[in-house]
1. Working only within the stretch 11-60, note down all residues that are exposed (fewer than 12 other Cβ atoms within 10 Å of the Cβ) and part of a loop (DSSP other than H, G, I, E, B).
2. What residue, among those in the stretch 11-42 that are over 13 Å from the mean Cα position of the chain (by Cα) and of a type in the set (A, V, I, L, M), is farthest from F135 (Cα to Cα)?
3. Give the residues of the stretch 62-78 that are among the hydrophobic types (A, V, I, L, M, F, W, C) and modelled with pLDDT under 95, sorted by residue number.
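The values are calculated or read from the model by the stated rules, or taken from the named source; none is laboratory data. Keep in mind the model is a prediction, meaning the values are calculated, not measured. Cβ coordinates were reconstructed from backbone atoms using ideal geometry, including for glycine residues, and neighbour counts include every protein chain displayed.
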Amino acid sequence: MQPEIEKALAITPASRARERTIDITTVGARTGRPRRIEVWFYRVNGRIYLSTQPARRSWYANILRNPSFTFHLKHGVRADLPAIGTPVRDPQLREAVFRSIIADLNQPWNPASIRQPVEPLEEWMAGSPLVRVDFTEGARS
């Protein structure tokens, strides 16, 4: 992977909202058509994850049905990264990742001015999608 792409993916809790904002293009679970939306990504223990506050998300249903998607970097560097999304179902891993995400969002210097405190861990565990992102082949700039 190119150094500028690695740098863009190396976000930390101090990263601003803009730095963690990407687009993803999934294949519609029902329609089979490409669907591009804006989401945030998180980095926990060197891995990339997609998640949101508790709610049902069509992008998650799309990844469950069609795990291949495109991860579009759009700030600092522009690149289209082919990826595979794997739902995280293991309760211990989900808890560890959600604890990190919630701590990130609840820090005093909030990266996106999200209303704090962010929902309790139990709500995230019960109602938030969590997908591990694995990049598959070369990026297209």
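1. Matches in the stretch 11-60: T12, A14, R30, T31, G32, R33, N45, G46, A55, R56.
2. Only one residue fits best here, namely A14.
3. Passing the criteria: only V77.
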